[in-house]
Amino acid sequence: MPLSKNPEPWKYILRVVHAALVGVYCLPRKLVAGDVNVERCCKIEGFCYKISMNQIADASLTEYDAHMEAVRTLPFVGGEVAIFSRRSPDKTTSNEDALAVLTTNQTMGVLAVADGCGGESNGLEAAQRAISALAQSVSAANSPDSLRAAILDGFELAGRRVAELGGRAATTLIAVEFGNHLIRTYHVGDSQALLVGGRGKVKLQTRAHSPVGYAMEAGMLTEDAALEHEDRHIVSNVIGSPESHIDMGLPRPLSKRDTLIIGSDGLYDNLTQAEIVDLIRKGSLGAAAEATRQKVAERMRGDDATAPCKPDDFTMLIFRPCSSTDPV
C-alpha cells in the first residue's frame, strides 16, 4: 500500500479506502514496526510515494474472473507491478484467467498467472484452484530456499486440486519468483514470461508447452507462421494432468531498467515478441501497460486485417524495479 511522504494515520486510512473502492485488494495482512524500515520511491497512479517495505510486507492480491476496464498499478518487492485481466470480447461467459501478486517479506515475492483451459470443463475453477494453491503454499515461505520449495509444492498442490475436479479440467500456470535482485521462472503450459532490458534486449522468454511452441523453438516455424497456425490453441502440458511437468528456470539477475511481463496466451497470440518489447520497455510503467492493453484490444477486434487476431481471455502482469535515484 503506497503511503505519502508524511504517513500520518489519516492519510494511510484514506489510501486504504481508495484501494477498496477501486478494487485493489493489497491491504497488508500486518504492519510491522520493526527495527529496519527500508524506504523506496515508486510512482503509483501518477504520484511518487515513499513506501515503507515493512508496511507492505505480506501484501497479497489475487484476481479471479476479472473484468477490468483499466490497468491497475501497485507496489511489489522493491518495485511496482501493473496488472490487467479481462475476458474475451467475443463471449459473455466467465474470464477463465486468474492472477496473483504475492509478497512474502520485504525482498521476496511471486507473480503468477493461470489460464483455465476453456475447451474443457471447469476452466475457471481450475485456474482459481491453481492460484489459490500456489498462494497458500507461498504464504509460509520466509527465505529464498523456502520460497523455491514453496513454489514447487504449490504447483504440486495445484495439480492435485485441479485433478479433484474430475473430467478433463486443466489450466496453465506460470510463476516468477523474486528475491535478492534475482528472478526465477516456473511454468506449466503456454502462459509465458518475457524479460526485456531498457534498450530492448530480450534477456529471457519462456517457451510455450505446445506443439507450435516446440516447433518454434526447434526452428521449424517462424513466429509469423506460428501466430497463424491452426493448432496454436493446443497445449501439451497442463496442471491437472498426471503427466504434467514443471519447467523451472535458472536464477537470473534483475537490472534496474529491466521490464518483466507475464501473460496468458491472449497476449502472446495477438502480439509479436518485437511488438511487446517495443510497448513495454519505454515510458512510465502505467503508460506502457495501458498501451499494451490497447494494442491487444485492437488486435482482438480485428482492426488490422493483416495482423494476427485471436479473441481470448487476456491477463498480464508487468513489473519494473524502482530506481533509488527516482525523484521523490
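Taking the listed residues 264, 244, 255, the one that is out of contact with any helix residue (DSSP H, G or I) (no Cβ under 9 Å at 6 or more places or on another chain) and crowded, with 21+ Cβ neighbours inside 10 Å is 264, with no other qualifying.
Quick grid of which residues meet (1) assigned to a loop (DSSP other than H, G, I, E, B); (2) buried (at least 21 other Cβ atoms within 10 Å of the Cβ):
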| residue | (1), (2) |
| --- | --- |
| 193 | no, yes |
| 200 | yes, no |
| 203 | no, no |
| 208 | yes, yes |
| 213 | no, yes |
| 219 | yes, no |
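Put simply, of 99, 74 the only residue that is part of a strand (DSSP E or B), within 15 Å of the chain's Cα centre (by Cα) and surrounded by fewer than 23 Cβ atoms within 10 Å (Cβ to Cβ) is 74.
Using the structure shown, decide if residue 69 is at pLDDT below 90, over 16 Å from the mean Cα position of the chain (by Cα) and either surrounded by fewer than 21 Cβ atoms within 10 Å (Cβ to Cβ) or part of a strand (DSSP E or B) (or both). Spelling it out, it is not the case that residue 69 is at pLDDT below 90, over 16 Å from the mean Cα position of the chain (by Cα) and either surrounded by fewer than 21 Cβ atoms within 10 Å (Cβ to Cβ) or part of a strand (DSSP E or B) (or both). Once the stretch 301-328 is narrowed to residues that are of a type in the set (A, V, I, L, M, F, W, C) and modelled with pLDDT under 95, the residue that is surrounded by the fewest Cβ atoms within 10 Å (Cβ to Cβ) is 305. Residues in the stretch 155-169 that are touching a helix residue (DSSP H, G or I) at 6+ places or on another chain (Cβ under 8 Å), small (Gly, Ala, Ser) and not in a helix (DSSP H, G or I): 169 alone.
Which of the residues that make up the stretch 121-154 are of a type in the set (Ser, Thr, Tyr), under 15 Å from residue 105 (Cβ atoms) and assigned to a helix (DSSP H, G or I)? Of everything in the stretch 121-154, just one residue is of a type in the set (Ser, Thr, Tyr), under 15 Å from residue 105 (Cβ atoms) and assigned to a helix (DSSP H, G or I), namely 146.
Looking at this structure, is residue 185 among the polar types (S, T, N, Q) and closer than 20 Å to residue 322 by Cα? Here the answer is no, as residue 185 does not meet what is asked.
Please work out if residue 254 is touching a strand residue (DSSP E or B) at 6+ places or on another chain (Cβ under 8 Å), in contact (Cβ under 8 Å) with a residue 40 or more places away in the chain and farther than 19 Å from residue 206 by Cβ. It is false that residue 254 is touching a strand residue (DSSP E or B) at 6+ places or on another chain (Cβ under 8 Å), in contact (Cβ under 8 Å) with a residue 40 or more places away in the chain and farther than 19 Å from residue 206 by Cβ. Among the residues that make up the stretch 138-149, is at least one of them of a type in the set (D, E, K, R) and either in contact with a Cys (Cβ under 7 Å, 6 or more places away or on another chain) or closer than 16 Å to residue 315 by Cβ (or both)? No: zero hits.
The single condition among (1) within 26 Å of residue 123 (Cα to Cα); (2) basic (Lys, Arg); (3) not in a loop (DSSP other than H, G, I, E, B) that residue 320 does not satisfy is (1).
Note on the stretch 77-94: among residues that are β-branched (Val, Ile, Thr) and modelled with pLDDT under 95, the one that is nearest to the chain's Cα centre (by Cα) is 77. Of all positions in the stretch 256-267, at least one carries a residue that is acidic (Asp, Glu) and not in a loop (DSSP other than H, G, I, E, B).
The values are calculated or read from the model by the stated rules, or taken from the named source; none is laboratory data. Here the structure is a predicted model, which is why all the values come from computation and not from measurement. When we count neighbours, we look across all protein chains shown, and the Cβ atoms used for this are built from the backbone with ideal geometry, even at glycine.
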